[in-house]
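Notes for the one structure printed next.
Throughout, read-outs are computed from the coordinates displayed, never taken from laboratory work. All figures in this text were calculated on a predicted structure; none of them were measured in a lab. A quick note on method: Cβ atoms are made from the backbone with ideal geometry, for glycine too, and the neighbour counts reach across all protein chains shown.
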Amino acid sequence: MNIVIKQIAFDGAEHKKEIELRYKVLRRPIGLNYTQEQLDAEKDEFHFAAFDGEKLAGCLLMKAIDKDEIKMRQVAVDETYQGKGVGKALVLYSEKFAAENGFSVITLHARKTAVPFYAHLGYEIVGEEFIEVSLPHFKMKKDKL
Ligand SMILES: CC(C)(COP(=O)(O)OP(=O)(O)OC[C@H]1O[C@@H](n2cnc3c(N)ncnc32)[C@H](O)[C@@H]1OP(=O)(O)O)[C@@H](O)C(=O)NCCC(=O)NCCS
């Protein structure tokens, strides 16, 4: 396995692989799919991908909220690659991107099952548990980038 992390364009073959992976990892297991409207709204977001050769192992999006805050979204690692450091590499890469681009706070909505993963990487829970896409979530943030 030789993982290369990079930013990818909003359209094209790599983006298509990103949508397929997100559907497989994040939506199909809960019986949902993305609408075209939701996907179109991601045009101005930053799309990051972890490739093992031609195979997409993981992805992560970032959405600018204001000049200081950027939101991490849609973190997904293919099941066969989970637990091998791919998620961590994506998060670290996106943190560097955020810092280099002048953001000082990263926020995210973590599925309850993924809270230990983000906590391990220095993210703190902010506020109470809430439901999103039918699953329990916590808002988390990191402000020492
Ligand atoms: C959650 C997810 C993104 C983590 O990515 P991953 O590639 O499997 O995780 P990594 O192998 O990079 O783990 C990084 C570190 O976090 C730790 N970690 C990962 N998942 C953990 C968990 N559930 N509990 C505790 N620690 C965890 C690892 O032990 C590792 O520690 P180390 O750096 O000391 O070795 C991935 O498993 C996934 O896509 N899961 C399904 C979808 C999902 O829940 N996405 C997040 C939505 S908010």
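Counting only residues that are of a type outside the set (Phe, Trp, Tyr) and within 13 Å of the ligand (Cβ to nearest atom), which one in region 133-145 is nearest to residue 18 (Cα to Cα)? Filtering first and then ranking leaves 133.
If you go through region 52-75 and keep only what is acidic (Asp, Glu) and either in a loop (DSSP other than H, G, I, E, B) or within 13 Å of residue 14 (Cβ to Cβ) (or both), you end up with 54, 66, 68. For region 39-58, the criterion of being within 24 Å of residue 116 (Cα to Cα) and out of contact with any Leu (no Cβ under 7 Å at 6 or more places or on another chain) is met by at least one residue.
Taking the condition farther than 27 Å from residue 17 by Cα, within 14 Å of the ligand (Cβ to nearest atom), of a type in the set (Phe, Trp, Tyr) and touching a strand residue (DSSP E or B) at 6+ places or on another chain (Cβ under 9 Å), does residue 130 pass? So residue 130 passes the test. Hey, any hits in region 66-84 for a residue that's polar (S, T, N, Q) and more than 14 Å from the ligand (Cβ to nearest atom)? For region 66-84, residues polar (S, T, N, Q) and more than 14 Å from the ligand (Cβ to nearest atom): absent. The set of residues in region 93-123 that are touching a strand residue (DSSP E or B) at 6+ places or on another chain (Cβ under 7 Å), within 15 Å of the ligand (Cβ to nearest atom) and not in a helix (DSSP H, G or I) comprises 106, 107, 108, 109, 110, 111, 122, 123. Residues that are in contact (Cβ under 8 Å) with a residue 12 or more places away in the chain, within 11 Å of the chain's Cα centre (by Cα), surrounded by fewer than 15 Cβ atoms within 10 Å (Cβ to Cβ) and within 21 Å of residue 52 (Cα to Cα) are absent from region 93-105 altogether.
Tallying residues that are touching a residue at least 40 places away in the same chain (Cβ under 8 Å) and of a type outside the set (A, V, I, L, M, F, W, C) within region 10-26 yields 4. If you check 90, 39 for being touching a residue at least 60 places away in the same chain (Cβ under 8 Å) and either away from the ligand (no atom under 16 Å from the Cβ) or among the hydrophobic types (A, V, I, L, M, F, W, C) (or both), only one passes: 90.
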